[in-house]
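Novice: A single structure is presented below for examination.
The values are calculated or read from the model by the stated rules, or taken from the named source; none is laboratory data. A quick note: this is a predicted structure, and the numbers were derived from the prediction, not measured. Don't worry about glycine lacking a Cβ; one is built from the backbone with ideal geometry, like all the others, and counts go over all protein chains shown. The accessibility values were calculated without ligands, DNA or RNA, using every heavy atom of the protein model including side chains. Shrake-Rupley method; radii C 1.70, N 1.55, O 1.52, S 1.80 Å.
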Amino acid sequence: MPLTTEQDQVVEELRQADKLLLTTHENPDGDALGSLLAMHWTLEQLGKDSLMFMSPDEFPLPWEYREWTFEGLVGHPPADVEGRTVVFLDCGNIDRMPVDFLQEQGIHIVNIDHHHDNTRFGTVNLVEPDASCTAEIVWRLAHELGAEVTPPIADALYVGLVTDTGRFMYENTTSEAHRMAADLIERGVEPHVVYRRLFEDLPFRRLQLLQRALASLARLDSGTLTLAHLRKGDFEETGALETDAEGIVDHLRAVEGTSVAVLVRELLADDRAGKRKVSLRATDGRVDVSRVARELGGGGHPQAAGFTTSLPYPQLVEALREQVGRQLS
Ligand code: AMP
Ligand code: MN
Ligand code: MN
């Protein structure tokens, strides 16, 4: 397919840039980390000076990504940041990277993403809502730049693809997503090995956290809203980390009659006391959960969205019921 103007512009930006700084969104998921690494290794292969930035607060990363090492990662602004092209990957909104130095005037930003509600905060924006994942955009760019998609790059891209499509289950699982999977498998990806790494060999505390979430299960409004709530004590008593909650909301999606599945979890950091992270998943075409999330201070995709809130729990539940009820009526 011929390149769009936006694609062409970003390919040119990446060809011209000698020094880059890549970053993604806070609480990075598989697509964020996979896109970051794949882009970094692609640029290095092309002889560029590439660095990655993530806040030291993000570590340890979710257990799924334990085998990745991040050489070329900085946890502070490099002195020459103004001389670097800053590439955001999988970040719909600059507030999802709450770091002052990346929000200053004069920073040249290339924004590569697939969130339909991306605020186009970049100097140059490549926003493709039809892409299954940001990794799919990076995959196309790598080919376009003439880079070789090596086994490590293919692995990183495949992780982004598998995690953002919910293992090829969600509505974003297109024929192009499968073509990408086929290409990556031809380049050395072994799906069963990746699956085992991402979804099996689980630390027991993860199952204990899931057990607690399931014990808290509530079905509201005739079951259209299926909701679980994890409190600070659930994490403390099981030894689970915040990142161990990843994936739990997918268990709630599967219940008959559910239109929206919600996982609410209390944040553990002292400076975020009283705050909760809310993950939303829609299984009913009538509901766009990104609208619910935006209404409450976050964002995301029509079928998967999230936000962080200081609302007390009862008010939060009422707000969710009202927002979802409005879309269903
Ligand atoms: P999560 O519930 O964290 O798995 O996130 C699901 C989707 O919602 C992802 O596409 C995220 O990028 C998006 N998302 C989660 N939290 C936020 C937020 N605070 N602001 C904007 N988008 C979010
Ligand atoms: Mn993401
Ligand atoms: Mn994504």
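Novice: What percentage of all Cα-Cα pairs in region 174-329 are separated by more than 20 Å? Write out the running numbers ahead of the final one.
Specialist: Values: 6615 of 12090 pairs.
Tail fraction, whole percent: 55.
Novice: So if I take the centroid of the Cα atoms in region 3-30 and the same for region 42-117, what is the distance between those two points in Å?
Specialist: When both Cα centres are located, 10 Å separates them.
Novice: If one puts a single equal scatterer on every Cα of region 1-150 and applies the Debye formula without solvent, what log₁₀ I(q)/I(0) results at q = 0.15, 0.16, 0.18, 0.22 Å⁻¹?
Specialist: Log10 of I(q)/I(0), two decimals: -0.71, -0.82, -1.07, -1.72.
Novice: Return the Rg/Rh value of region 1-81, two decimal places, where both radii are evaluated on C-alpha atoms and Rh is the Kirkwood radius. Mind showing how you got there, number by number?
Specialist: Numbers: Rg = 13.9 Å, Rh = 13.9 Å.
Computed over Cα atoms, the ratio is 1.00.
Novice: Right, something else. Based on the alpha-carbon gyration tensor of region 119-200, what equivalent-ellipsoid semi-axes (square roots of 5 times the eigenvalues) come out, in whole Å, largest first? Before the final figure, lay out the partial values.
Specialist: Values: eigenvalues 92, 53, 24 Å².
Semi-axes from the Cα gyration tensor: 21, 16, 11 Å.
Novice: Could you pull out every one of the lysines with an alpha carbon less than 17 Å from that of LYS277, ignoring same-chain neighbours closer than 8 positions?
Specialist: Within the straight-line limit of under 17 Å, LYS277 reaches these lysines: LYS232.
Novice: Quick one: pull the percent of accessible area on region 1-108 belonging to carbon and sulfur, 1.4 Å probe, ligands and nucleic acids left out.
Specialist: Roughly 47 percent of what the probe reaches on region 1-108 is carbon or sulfur.
Novice: On to the next question. Just to verify a number: FRET efficiency for ASP183 and ASP18, C-beta to C-beta distance, R0 = 41 Å, to 0.05?
Specialist: On the way: r = 28 Å, r/R0 = 0.69.
The computed FRET efficiency comes out at 0.90.
Novice: I would also like to ask the following. So which trypsin sites (Lys or Arg not before Pro) in region 89-174 end up in coil per DSSP with only 15 or fewer other C-beta atoms within 10 Å? Walk me through the numbers before you get to the answer.
Specialist: Details: sites: ARG96, ARG120, ARG140, ARG167; in loops: ARG120, ARG167.
Of the trypsin sites (Lys or Arg not before Pro), the ones in loops of region 89-174 whose Cβ has at most 15 other Cβ atoms within 10 Å are ARG120, ARG167.
Novice: Compare the Cα positions of ALA182, VAL194, PHE121 along the charge dipole of region 105-214 (+1 at Cβ of Lys, Arg; -1 at Cβ of Asp, Glu; about the Cα centre) and return the one farthest towards the positive end.
Specialist: The residue sitting farthest along the positive end of the dipole is VAL194.
Novice: Additional query: Spin-label point model (7 Å from Cα, Cβ direction): what's the PHE204 to GLN105 distance in nm?
Specialist: Placing both labels 7 Å along Cα→Cβ, they lie 5.8 nm apart.
Novice: Between rounded, prolate and oblate, where does region 252-307 land on the alpha carbon gyration tensor, with a ≥ b ≥ c its root eigenvalues, rounded for a/c under 1.5, else prolate if a/b exceeds b/c?
Specialist: Numbers: a/c = 3.65, a/b = 1.72, b/c = 2.12.
Judged from the Cα gyration tensor, region 252-307 comes out oblate (a/c at least 1.5, b/c at or above a/b).
Novice: Mean projection of the alpha-carbon convex hull of the chain over all orientations, in nm²? List each step's numbers first, then the result.
Specialist: Details: hull surface 66.2 nm².
Mean shadow area of the hull around the Cα atoms is 16.6 nm².
Novice: Take the solvent-accessible surface of the protein heavy atoms, probe 1.4 Å, and return the percent of it on region 136-252 that carbon and sulfur atoms account for.
Specialist: Working: 2790 of 5360 Å².
Here it works out to 52 percent.
Novice: With +1 on each Lys and Arg Cβ and -1 on each Asp and Glu Cβ, and nothing else charged, work out how big the dipole of the chain is about its Cα centre, in Debye to the nearest 20. Numbers along the way, then the final one.
Specialist: Details: 31 positive and 54 negative charges, 224 e Å.
Roughly 1080 debye, rounded to the nearest 20.
Novice: Can you give the calculated 222 nm mean residue ellipticity of the chain, where each DSSP H run of n ≥ 4 adds -39,500 (n - 2.57) and the sum is split over every residue, rounded to the nearest 500 deg cm²/dmol?
Specialist: Values: 11 runs with 122 residues, N = 329.
The per-residue figure over the chain is -11500 deg cm²/dmol.
Novice: Still on this structure, please answer the following. Can you give the accessible area per residue of region 156-207, in Å², using a 1.4 Å probe? Each step should come with its number before you reach the end.
Specialist: On the way: 2640 Å² over 52 residues.
Per-residue accessible area for region 156-207 comes out at 51 Å².
Novice: Mind telling me which of ALA181, ALA142, ALA215 comes out most flexible in a GNM of the chain, alpha-carbon contacts under 10 Å?
Specialist: Comparing ALA181, ALA142, ALA215 in a Gaussian network model of the chain, the most mobile one is ALA215.
Novice: Using alpha carbons only, how many angstrom separate the centre of region 241-286 from the centre of region 205-227?
Specialist: Comparing the Cα centres of region 241-286 and region 205-227, I get a distance of 9 Å.
Novice: To the nearest 0.05, what FRET efficiency results for ASP57 and THR5 with a Förster distance of 22 Å applied to their C-beta separation? Could the numbers behind the result be given before it?
Specialist: Numbers: r = 37 Å, r/R0 = 1.69.
Efficiency computed from Cβ-Cβ geometry: 0.05.
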